[in-house]
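Just below is one structure, and these are the notes that go with it.
The values are calculated or read from the model by the stated rules, or taken from the named source; none is laboratory data. This structure is a prediction, so every number in the text was calculated from the model and none was measured. Note that each Cβ is placed from the backbone with ideal geometry, even for glycine, and that neighbours are counted across all protein chains shown. Each accessible area value is taken on the protein alone, full model and side chains, heavy atoms only, with ligands, DNA and RNA left out. Shrake-Rupley method; radii C 1.70, N 1.55, O 1.52, S 1.80 Å.
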Amino acid sequence: MSEERFGEFVLVRRHGDGHVAELALDRPKAMNAVSTAMARSLSAACAALGEDRDVRVVVLTSTHERAFCVGADLKERNSFSDADLLRQRPVTRGAYTAVLELPQPTVAAVHGFALGGGFELALSCDVIVADPTAVVGLPEVSVGVIPGGGGTQLLPRRVGAARAAELVFTARRVAAGEARELGLVDQLAEEGRDREDALELASRMAANSPVGLRAAKRALRLGHGLDLRAGLEVEDAAWRSVAFSGDRAEGVAAFNEKRTPRWPGE
């Protein structure tokens, strides 16, 4: 396993053959609260991962034992003027967008608190694995703002408009069991195993064609919310992008020869 640090608060670990990358939030003294510096580092790490053709799946994790991420750094913001807050906005928004727009499939491993911007980082991933200690929620209206890292758009896409409205308007925190029932998280791991289960899931994904994975994610993301006819056009465009690839040729050959594919990744 290799490690690379982006700034002080973000760590990237590449596992095994490098096809699974772990994007670790590493600001333990602040329970991974997203400061301006951390946001910049997260954007930089995502830019590097997105361009790395060896990385097939990204797992978003936390190095803190009791929290995934508690959201925006309100202590930092308490010292801000209105002008400071306005200047920070594109930096923090860019961090959430960077996670959301990673071209590879993404899996979040959540334990402890995942609140506000912390939960929005998890919502930006394709699949969320949580352990029984997880507590999620979007409490922004309780401090006079709104979810601004994608929460008002990502949450209703997961759980429907009415359920999202109830959760946002009440600002309530949801424990792991109910979160699973409501669809706020996708899989429940045993306590302390959210990271291991997420990495295992990522490894299963990474065994597949990297070209296929990126194209499938593109079709899923771009087609969501469109009417069926438009969505099928998005799917067809994604299919055409892989149909004549080296991965498609290798996949068909490996199937017929009853062997494990050796993906060229192009």
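The relative contact order of the stretch 47-147, computed from alpha carbon pairs under 8 Å that lie at least 6 residues apart in sequence, is 32 percent. Across the options A202, L121, G225, the greatest Cα extent toward the positive end of the charge dipole of the chain (unit charges at beta carbon of Lys, Arg, Asp, Glu) belongs to G225.
Computed from point charges on the beta carbon alone (+1 for Lys and Arg, -1 for Asp and Glu), the dipole magnitude for the stretch 1-101 about its Cα centre is near 280 Debye. For a test of the definition: using alpha carbon positions, the gyration tensor, and the 1.5 limit on a/c, classify the stretch 8-100 as rounded, prolate or oblate. In terms of gyration-tensor shape, oblate. The overall shape of the stretch 166-266 is oblate: from the C-alpha gyration tensor, with semi-axes ordered a ≥ b ≥ c, the ratio a/c is 1.5 or greater and a/b is no larger than b/c. Panel values: the stretch 9-60, Kirkwood radius from alpha carbon pairs, Stokes-Einstein at 37 °C and 0.692 mPa s, translational diffusion coefficient 288 µm²/s. Relative intensity of the chain on a log10 scale, I(q)/I(0) at q = 0.09 Å⁻¹, equals -0.42, per a Debye sum over C-alpha point scatterers of equal strength in the absence of solvent.
How much length is gained on full extension from T63 to R172, taking 0.36 nm per residue of separation minus their Cα-Cα distance?
This chain segment gains 36.7 nm when fully extended.
Annotation: the antiparallel percentage among DSSP beta bridges lying fully within the chain is about 40. For the stretch 100-141, the relative contact order is 48 percent, taking Cα pairs closer than 8 Å that sit 6 or more residues apart in sequence and dividing their mean separation by the residue count. Taking E51, E235 and ordering them by how much accessible surface each has at a 1.4 Å probe, largest first, produces E51, E235. Charge dipole (Cα centre; +1 on Lys/Arg Cβ, -1 on Asp/Glu Cβ; no other charges) of the chain amounts to roughly 340 debye.
Summary of the geometry: the stretch 18-56 and the stretch 75-90, compared by the centres of their Cα atoms, lie 22 Å apart. Pull out a ≥ b ≥ c, the square roots of the eigenvalues of the alpha-carbon gyration tensor of the stretch 68-197, then state rounded if a/c is under 1.5, prolate if not and a/b is larger than b/c, and oblate in the remaining case. Prolate. Note down the relative contact order for the chain as a percent, whole number, built from C-alpha pairs under 8 angstrom at least six residues apart. Relative contact order, the chain: 15 percent.
For a straight C-alpha distance cut-off of 17 angstrom, the aspartates and glutamates reachable from K29 (same-chain residues fewer than eight places away being disregarded) are E8, E65, D73, E76.
Taking every protein chain into account, the 1.4 Å probe leaves E233 with about 120 Å² of accessible area, to the nearest ten. Probing with 1.4 Å while keeping every protein chain in the model, the per residue accessible area of the stretch 43-163 equals 42 Å².
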